[in-house]
1. May I ask you to say which residue of ARG326, ARG300 is among the basic types (Lys, Arg) and crowded, with 22+ Cβ neighbours inside 10 Å?
2. It is to be established whether one or more residues within the stretch 102-115 are within 14 Å of ARG36 (Cα to Cα), at pLDDT 95 or above and touching a Lys or Arg at 6+ places or on another chain (Cβ under 7 Å).
3. On the given criteria, is ASN334 open to solvent by 20 Å² or more (accessible area, probe 1.4 Å) and outside any helix (DSSP H, G or I)?
4. Given the condition out of contact with any helix residue (DSSP H, G or I) (no Cβ under 9 Å at 6 or more places or on another chain), charged (D, E, K, R) and open to solvent by less than 60 Å² (accessible area, probe 1.4 Å), answer yes or no: does some residue in the stretch 273-287 qualify?
5. Only one of (1) of a type in the set (Phe, Trp, Tyr); (2) part of a helix (DSSP H, G or I); (3) in contact with a strand residue (DSSP E or B) (Cβ under 7 Å, 6 or more places away or on another chain) is not met by TYR395, so which one is it?
6. Of these, THR128, THR113, which one is farther than 19 Å from ALA40 by Cβ and β-branched (Val, Ile, Thr)?
7. I need the full set of residues from the stretch 201-222 which are within 11 Å of ILE254 (Cβ to Cβ) and either in a loop (DSSP other than H, G, I, E, B) or open to solvent by less than 10 Å² (accessible area, probe 1.4 Å) (or both), in order please.
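The values are calculated or read from the model by the stated rules, or taken from the named source; none is laboratory data. What you see is a predicted model, and the numbers here were worked out from it, not measured in a lab. Cβ atoms come from the backbone with ideal geometry, glycine included; neighbour counts cover every protein chain shown. Side chains are part of the model used for accessible areas, which takes the heavy atoms of the whole protein and leaves out ligands, DNA and RNA. Shrake-Rupley method; radii C 1.70, N 1.55, O 1.52, S 1.80 Å.
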Amino acid sequence: MTSLPSVADRATETVSTDELRALVLSGADVTIVDVRPLAAYNGWRLDGESRGGHIPGAVSFPSAWLSSVDAPEINRILGEKGVLAARDVIVYGSGVGDASAVAAALGALGVDTVRVYSEGFAAWADATELPVERLPKHDRLVHIDWLRRVLAGERPEAAPEGKFLLFHVNFGVPEEYAEGHIPGALYLDTNWLEDPENIWQRRTPAELDAAVKALGITHDTTIVVYGRDTEGEANEKWPGRRAGQIAATRALMILRYAGVDDVRLLDGGYDWWVRTGNPLETELREPTPVESFGVQVPLRPEVIVDIDEAKQILADQEGAALVSIRTWREHIGNVSGYNYIGPAGRIKGDVWGNCGTDAYHMQHYRNVDNTMRAYPEIAANWAEAGITGDKWVAYYCGTGWRASETWFYAYLMGWDRIAVYDGGWFEWSQDPINNPIEIGEPQDEFAA
């Protein structure tokens, strides 16, 4: 791995809480960089701070990336976040050490003025009159140490209040689960929640009720899901088997639709659990079925829209948005994106929301370490495309998987009226006479 130049001896200026307060509250032209783990940036109080979150306007660049990411990629990330072009940068972390390391790296990359907030975020959080920003539902995006502590019988911040179940999710690959999974995890096949015979739309209410009861889930069970991401490509027979975290969010979305109140995702999934040195097990655990789910399925029908509602959304271009979570090549009609979908193109009147390199990767919404991208960046990209939380927003892709991941991110941000168009491009493209389709590059469209 290529390293950044060492500038350990470079003297770094510092700023105090009072100085930083004046800069933030005055709206000064300064770029603030939070170098703590992304979970802390989102709102988790990893070091026992009085408040969780980050200083308003700060961008996230975890200091751990300095040793785990190649220098060219670090350059790309910092450039994308606007840090390298900034004239005045202030770096903060939990303490001086992590902040100083990033400050030194920025100096080596040519940033003129880099200062360190030496008192760290805890001091800012303690000053209750100072503003703090956080991901509204950050506790639904759990981090590795949180899960480790819960599995050890501890009660960390936002611990489950009652019954808790952990699921290893994928598309029809129980042998992956058998090969190794997080201790205590049960197996969940997405086919139990969606129907391959019906273009992978969610199953009927009766089928979902039977599925959740068989899995031991009641509406008040705290559910944590995760997947295992490996390399795959779109021409495999079942490429969705390679998209573990997308599968996990698909299951999470349908469970929320069915009526589960507390659904959470393990950020980074199986891969991050292993990468941070945590154990696996091969015990094949079986769920304990329950007699009743506790509420009528679906409790939240608004979480999923069908084709008629999708057309209602398209008809309201000012107050709603049907968002395509597909690649640019899919969007302009060069490819369908799937080996089982023939027609290529897009739904006329949709808004492009991007995804990644193909139907089974979501790089546009994830960090280089496969965790969720910093939420202000996602929100800013959406806002540039006219996708905002005051609208009725439905996400679609081919059959609802990628759309489910972005639905979950909007849910974490506290957006009220969000849904997945379950039939997606697969359903819409079957009837081009009644369902208008466009091909080619749009004239005035977000394409960042």
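1. Details: ARG300 fails: crowded, with 22+ Cβ neighbours inside 10 Å.
Just one listed residue meets the conditions, ARG326.
2. Within the stretch 102-115, not a single residue is within 14 Å of ARG36 (Cα to Cα), at pLDDT 95 or above and touching a Lys or Arg at 6+ places or on another chain (Cβ under 7 Å).
3. Values: open to solvent by 20 Å² or more (accessible area, probe 1.4 Å): yes; outside any helix (DSSP H, G or I): yes.
Yes; evaluated as a whole, the condition is true for this residue.
4. Yes, some residue in the stretch 273-287 is out of contact with any helix residue (DSSP H, G or I) (no Cβ under 9 Å at 6 or more places or on another chain), charged (D, E, K, R) and open to solvent by less than 60 Å² (accessible area, probe 1.4 Å).
5. That leaves (2) as the condition not met.
6. On the way: THR128 fails: farther than 19 Å from ALA40 by Cβ.
None of the others qualify; the one that does is THR113.
7. ARG203, LEU208, VAL212
Here is a yes/no grid of residues against (1) buried (at least 17 other Cβ atoms within 10 Å of the Cβ); (2) within 19 Å of the chain's Cα centre (by Cα):
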site: THR357; (1), (2): no, yes
site: ASP369; (1), (2): no, yes
site: THR388; (1), (2): no, yes
site: TRP401; (1), (2): yes, yes
site: VAL420; (1), (2): yes, yes
site: PHE426; (1), (2): yes, no
